[in-house]
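Encoded as structure tokens, the structure appears first; notes follow it.
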Amino acid sequence: MMRRLGATGVGITPVGLGCMQFSGSGLVERFYRALDQSTVTSVVGAALDGGITWFDTAEMYGRGRSERALTTALREREVVAGSVTIATKWAPAGRTAASIGRTLDARVASLQGYPIDLHQIHMPYGSLSPVSRQLVEMARLARAGRVGAVGVSNFSARQMEKANALLGSEGVPLASNQVQISLLHRTVERNGVLDTARRLGITLIAYSPLRSGVLTGVFHADPARVRSLPWVRRTMTGLGARGLARTAPLIDELGAIGRAYGVSAAQVALSWLIRFYGETVVVIPGASKPQQAKESAAAMQLDLTDRELARLDDVSRRCGG
Ligand SMILES: NC(=O)c1ccc[n+]([C@@H]2O[C@H](COP(=O)([O-])OP(=O)(O)OC[C@H]3O[C@@H](n4cnc5c(N)ncnc54)[C@H](OP(=O)(O)O)[C@@H]3O)[C@@H](O)[C@H]2O)c1
């Protein structure tokens, strides 16, 4: 069941927990409402109980608040540092490559003694230094043992290929590229990212694997719920009346398969992602309730048949995926 993180020796479960939901107040609140620490601790606990072994956070998620909330939860659950895998990200906006090293102590402080197993460049733009310099700095930190592995996020196929070659010349493999992938967002199949990742042995970490909740079907079942969402989330994820109508056949199919197994549409959507693309794709669904994290973890046990995988492939294409 475990997957290898790129060409590193790090083993991860095919489902990790996305921790953007733990950002507290700030920019992310335009997407997800702030959670109190006891809720965060319950969500993290449900993920651990369900067998999830790794967590994705970032400096940008509340300027360290997500990192701190996650590790506070791990402490409260008495999880020994080093026994779970933690991925975080450096925020490039307005900074030079040297800030990766300079901000590492702040990351370590926010993570409260839990090591950085994977450090990622959050996006390939916004920095005052070229990406090549950022990668050299990341490689230096990896060689010094300050971060376990190096990854990138939102990189194109060409950017990934260049990053892999440059890091390789520094003696460090490019472990992963974190990009958006779901049954409603399959751009990686068309833009070369999936093929390149497969060829180079790089793991794709799928973010927004539930299309920010659309694939759970809760909004199709009760469209009035959309009105209660923050405006940015409502408008950016296809939750308007036309969007919901377009994706309804896919939600119906996920629901029908789910009912046959006694699981939710969300679990079917996650199971499809970690199986359809083979070993290359792992997922990091976010959760704001323990039950959601429990369901996400249980998706690892759901084995869809080849026929079901193909059927969802087909319906998703027809719904714009
Ligand atoms: N690298 C990047 O640029 C980038 C960008 C975006 C996200 N990410 C990462 O990817 C992670 C996941 O992405 P995401 O949060 O955007 O989207 P997502 O995982 O597709 O959706 C998460 C949301 O879906 C709903 N949900 C989850 N499980 C559910 C279930 N079983 N039943 C009903 N609803 C359920 C919850 O919404 P409610 O909270 O409304 O209940 C939850 O907050 C983030 O936490 C973050 O770590 C990275």
Qualifying positions in the range 275-302 - within 13 Å of the ligand (Cβ to nearest atom) and part of a helix (DSSP H, G or I):
290, 291, 292, 293, 294, 295, 296, 297, 298, 299
Could you grab me the full set of residues in the range 180-233 that are among the aliphatic types (A, V, I, L, M), within 11 Å of the ligand (Cβ to nearest atom) and within 26 Å of residue 87 (Cβ to Cβ)?
181, 183, 184, 205, 206, 210, 214, 215
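Somewhere in the range 248-269, is a residue within 13 Å of the ligand (Cβ to nearest atom), free of Cβ contacts under 8 Å to residues at least 12 places away in the same chain and closer than 30 Å to residue 11 by Cβ?
To start, the set of residues in the range 248-269 that are within 13 Å of the ligand (Cβ to nearest atom) comprises 251, 254-255, 258, 263-269.
Within this subset, residues satisfying the condition of being free of Cβ contacts under 8 Å to residues at least 12 places away in the same chain are 258.
In the following step, the residues that additionally are closer than 30 Å to residue 11 by Cβ were identified as 258.
Checking the range 248-269: at least one residue is within 13 Å of the ligand (Cβ to nearest atom), free of Cβ contacts under 8 Å to residues at least 12 places away in the same chain and closer than 30 Å to residue 11 by Cβ.
In this structure, is residue 214 farther than 21 Å from residue 122 by Cβ, in contact with a Phe, Trp or Tyr (Cβ under 6 Å, 6 or more places away or on another chain) and not in a strand (DSSP E or B)? Quick ask: steps written out before the conclusion?
Numbers: farther than 21 Å from residue 122 by Cβ: yes; in contact with a Phe, Trp or Tyr (Cβ under 6 Å, 6 or more places away or on another chain): no; not in a strand (DSSP E or B): yes.
No.
Pick from the range 237-284 the residues that are hydroxyl-bearing (Ser, Thr, Tyr) and over 26 Å from residue 194 (Cα atoms): which of them is surrounded by the most Cβ atoms within 10 Å (Cβ to Cβ)?
Residues of the range 237-284 that are hydroxyl-bearing (Ser, Thr, Tyr), as a first pass: 237, 247, 261, 264, 271, 277, 280.
Still in the list and also over 26 Å from residue 194 (Cα atoms): 261, 264.
On the way: 261: 15, 264: 23.
By that ranking, first place goes to 264.
Checking the structure you have, find out if any residue of the range 290-307 is polar (S, T, N, Q) and over 22 Å from the mean Cα position of the chain (by Cα). Explain how you work it out, then say what you get.
At the first step, the residues of the range 290-307 found to be polar (S, T, N, Q) are 291-292, 296, 301, 305.
From what's left, over 22 Å from the mean Cα position of the chain (by Cα): 305.
For the range 290-307, residues polar (S, T, N, Q) and over 22 Å from the mean Cα position of the chain (by Cα): present.
Considering only the range 184-193, I want to know if a residue exists there that is within 30 Å of residue 269 (Cα to Cα), touching a residue at least 60 places away in the same chain (Cβ under 8 Å), in contact with a Cys (Cβ under 8 Å, 6 or more places away or on another chain) and not charged (D, E, K, R). Full working, then the answer.
We begin by selecting, within the range 184-193, every residue within 30 Å of residue 269 (Cα to Cα); these are 184-193.
With touching a residue at least 60 places away in the same chain (Cβ under 8 Å) added as a condition, the list becomes 184-186.
Filter again for in contact with a Cys (Cβ under 8 Å, 6 or more places away or on another chain), leaving 184.
If we keep only those that are not charged (D, E, K, R) too, we end up with 184.
Yes: one or more hits.
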Those residues of the range 33-56 that are within 15 Å of the chain's Cα centre (by Cα) and surrounded by fewer than 20 Cβ atoms within 10 Å (Cβ to Cβ) come to a total of 1
Check off (1) within 11 Å of the ligand (Cβ to nearest atom); (2) on the phi > 0 side of the Ramachandran plot for residue 51 and give me the number that stays unchecked.
(1)
If residue 117 passes every condition in (1) of a type in the set (D, E, K, R); (2) within 16 Å of the ligand (Cβ to nearest atom); (3) over 19 Å from residue 59 (Cβ atoms); (4) within 20 Å of the chain's Cα centre (by Cα) but one, which one does it miss?
(3)
Quickly run through the range 195-236 and pick out the residues that are among the aliphatic types (A, V, I, L, M), in contact with a helix residue (DSSP H, G or I) (Cβ under 7 Å, 6 or more places away or on another chain) and surrounded by fewer than 22 Cβ atoms within 10 Å (Cβ to Cβ).
200, 218, 226, 232
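Restricting attention to the range 66-73, does a residue exist that is charged (D, E, K, R), within 16 Å of the ligand (Cβ to nearest atom) and in contact with a Phe, Trp or Tyr (Cβ under 9 Å, 6 or more places away or on another chain)? Write out each step before concluding.
So the first thing to find is which residues in the range 66-73 are charged (D, E, K, R), and the list is 67-68.
Filter once more, so that each one left must be within 16 Å of the ligand (Cβ to nearest atom): 67-68.
Checking which are in contact with a Phe, Trp or Tyr (Cβ under 9 Å, 6 or more places away or on another chain) leaves us with 67-68.
So far as the range 66-73 goes, yes, one or more of its residues are charged (D, E, K, R), within 16 Å of the ligand (Cβ to nearest atom) and in contact with a Phe, Trp or Tyr (Cβ under 9 Å, 6 or more places away or on another chain).
Pick out the one residue from 175, 97 that is touching a Leu at 6+ places or on another chain (Cβ under 6 Å) and buried (at least 19 other Cβ atoms within 10 Å of the Cβ). Reasoning before the result, please.
Details: 97 fails: touching a Leu at 6+ places or on another chain (Cβ under 6 Å).
After applying the criteria, what remains is 175.
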Of the numbered conditions (1) within 25 Å of residue 188 (Cβ to Cβ); (2) within 24 Å of the chain's Cα centre (by Cα); (3) free of Cβ contacts under 8 Å to residues at least 12 places away in the same chain, residue 287 fails exactly one; give the number of that condition.
(3)
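Values quoted throughout were computed directly from the atomic coordinates according to the rules given, and no laboratory measurement underlies them. The model shown is predicted, which means the values in this text are computed figures rather than measured ones. Counting neighbours? That spans all protein chains shown, and the Cβs are built from the backbone with ideal geometry, glycine included.
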